[in-house]
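So the structure is just underneath, and the comments pick up after that.
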Amino acid sequence: MQPAMNDAQTPVRALMPPTEALRRGFTFEGADPAGTALATAYATSGTSTGGVAASDELQQREGFFIGHLGLMIRYEDGSELSDMPATYRLPNAPDWFIGITNLHGLLVPVFDLAIYLGLEHQQGAKPMLLVLGHGADAAGVLIDGLPMRLRFKPGDRAEGAPVPTVLEACVHQTYWAAERTWMDLQVPVLLSKLSDELAATGA
């Protein structure tokens, strides 16, 4: 059977379901992996030196805001920061799913965690796209303003600090840094949760 042809007489490929595309990702010919050099620099910037007691070892994270919530990730868990790009919504998608964007030849899903958590974005803060994960596992989240570098010690735990119920499985620990509390995100757990919930909507 001959493949379908368009007006330009080029083969037309069958489309896969949008959710499958989100899980799989696409890498176009000639495209470099997004954020590889940046991720490497971030990873090495947080490397500790030997000879320091574990309780005194200074930790580094990338902190950012979703509404009034302070979240932080390991530098190696983030791959890119940019202005908000054009996005394309999926039919029947929930309002906390902004859509899909093309970053360096990779189709990346973009989520609005403020809506997901029932929060308001910070007024006056510039919306930015923070890409979590790498390659086909990457996903973008809308954050309020620019991230900041955080430094703290393991003993700076903020025991008993409130964590939204929907994020409890995604937060490793809460810490006190830069005069406030921050939630230490487990990025793979968060992205898996968002992906599963999006798939469950039938988008």
(request) Could you please find all residues in the stretch 158-203 being basic (K, R) and closer than 23 Å to P109 by Cα? (result) K193
(request) Can you confirm whether the stretch 157-166 contains a residue that is under 21 Å from D83 (Cα atoms) and touching a strand residue (DSSP E or B) at 6+ places or on another chain (Cβ under 8 Å)? (result) no
(message) Quick check on the stretch 104-113: of everything there that is over 12 Å from M84 (Cβ atoms) and modelled with pLDDT of 95 or more, which residue is surrounded by the fewest Cβ atoms within 10 Å (Cβ to Cβ)?
(response) L107
(message) For a quick check of your reading of the model, give me the residue pairs whose first member lies in the stretch 185-203 and is more than 22 Å from E62 (Cβ to Cβ), whose second is surrounded by 15 or more Cβ atoms within 10 Å (Cβ to Cβ) and basic (K, R), with beta-carbon atoms closer than 6 Å and at least 6 apart or on different chains.
(response) none
(request) Give me a count of the residues in the stretch 151-173 that are touching an Asp or Glu at 6+ places or on another chain (Cβ under 7 Å), assigned to a strand (DSSP E or B) and within 19 Å of L58 (Cα to Cα). (result) 2
(request) Go through H134, H121, H68 for me and flag whichever is closer than 20 Å to K193 by Cβ and of a type outside the set (S, T, N, Q). (result) H134
(message) Can you report the number of residues in the stretch 174-203 which are under 15 Å from the mean Cα position of the chain (by Cα) and assigned to a loop (DSSP other than H, G, I, E, B)?
(response) 1
(request) Six or more apart or on different chains, Cβ under 9 Å: which pairs go from a residue in the stretch 70-84 that's assigned to a helix (DSSP H, G or I) to one that's of a type in the set (K, R)? Could you list them? (result) Y75/R61; Y75/R149
(request) Name, by its number, the condition in (1) at pLDDT below 95; (2) at negative phi that does not hold for A161. (result) (1)
(message) Suppose we filter the stretch 85-132 for residues that are part of a loop (DSSP other than H, G, I, E, B), free of Cβ contacts under 8 Å to residues at least 40 places away in the same chain, farther than 25 Å from V171 by Cβ and touching a strand residue (DSSP E or B) at 6+ places or on another chain (Cβ under 7 Å); how many remain?
(response) 3
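The values are calculated or read from the model by the stated rules, or taken from the named source; none is laboratory data. None of these values were measured; they are calculated from a predicted model. All Cβ positions, glycine included, derive from the backbone under ideal geometry; neighbour counts span all protein chains shown.
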